[in-house]
Each structure stands twice: as C-alpha cells, then as structure tokens.
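K.L.:
One structure is given below, represented as structure tokens, and several questions about it will come after.
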Amino acid sequence: MADKKYIGGSAKTITTQYGEMMNLSLKLEDMQAIVNEKGYVNMTIMKRKEPGQYGDTHYVVENDYQKNREASGSPAPAVPSTKPAEVDVPF
C-alpha cells in the first residue's frame with residue numbers, strides 16, 4: 001500500500017462486558033469508489049498512534065494488495081497440490 005487511499009469516517013475500539021469490539025462508521029461515497037469487479041470493498045483497519053479528536057483509535061484504508069501484485073507483473077504464488085506425494089521408496 002504505497003499510496004494509501006483513506007476511507008472517511010470513524011473507527012473506534014470499545015470495551016464491553018463481552019470483550020473488545022470495534023465500531024465503524026464509514027462514508028458510503030468513499031466505499032463506492034473502491035468497489036472491485038466482484039462487488040467487494042477490501043479495507044484494512046490500522047491503529048492510530050494517538051486517539052483522534054473524536055476518540056478514534058483506528059483508521060481505514062483501501063486494501064489494494066491484489067491490484068499492486070497484478071500491476072507489478074509478479075506471478076501469483078503457487079498453490080500447493082492436495083494430491084498425495086508420490087515417493088520412490090526402495091522397499
């Protein structure tokens with residue numbers, strides 16, 4: 001993620017009796033701008049160094065990992081075979 005595309009809104013971690021939870025309030029326009037060809041919005045939630053003016057503990061950016069990999073021309077990593085390995089056993 002060399003050039004981060006920020007998604008406007010709020011991301012706060014809160015503590016409840018059930019443990020920590022994260023509340024997100026995101027701008028629809030920002031999310032519509034990064035919808036991929038399958039209709040998904042890929043986001044990464046990152047922790048802020050210090051809480052923001054309104055108590056935001058995190059911020060949200062577009063996760064463009066797949067776009068970066070395709071743009072660089074790197075081949076996709078090989079998927080391991082699920083077939084049992086054929087081993088030449090001497091007995």
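K.L.:
For the range 14-57, which GluC sites (Glu not before Pro) are both in a DSSP coil and crowded by at most 12 other Cβ atoms within 10 Å?
P.N.:
When the GluC sites (Glu not before Pro) of the range 14-57 are filtered for loop state and at most 12 Cβ neighbours within 10 Å, E37 remain.
K.L.:
What is the set of long-range amide H partners of L26 at a cut-off below 5 Å, with H atoms built 1.01 Å from backbone N?
P.N.:
Distant-sequence amide H within range of L26: S10.
K.L.:
First select every other residue whose beta carbon is under 12 angstrom from the beta carbon of V35; then total the charges, Lys and Arg +1, Asp and Glu -1.
P.N.:
Around V35, the surrounding residues sum to -3.
K.L.:
Then there is this: In what sequence, highest mean first, do 55-64, 38-47 appear when ranked by Cβ atoms within 10 angstrom? Working shown, then result.
P.N.:
Working: 55-64: 17.9, 38-47: 12.2.
Taking the mean over residues of other Cβ atoms within 10 Å, the ranking is 55-64, 38-47.
None of the figures in this text is laboratory data; all of them are computed from the coordinates on show. For clarity, every value in this text was computed on a predicted model and none was experimentally measured. With ideal geometry, Cβ positions are generated from the backbone for all residues, glycine too; neighbour counts draw on all protein chains shown.
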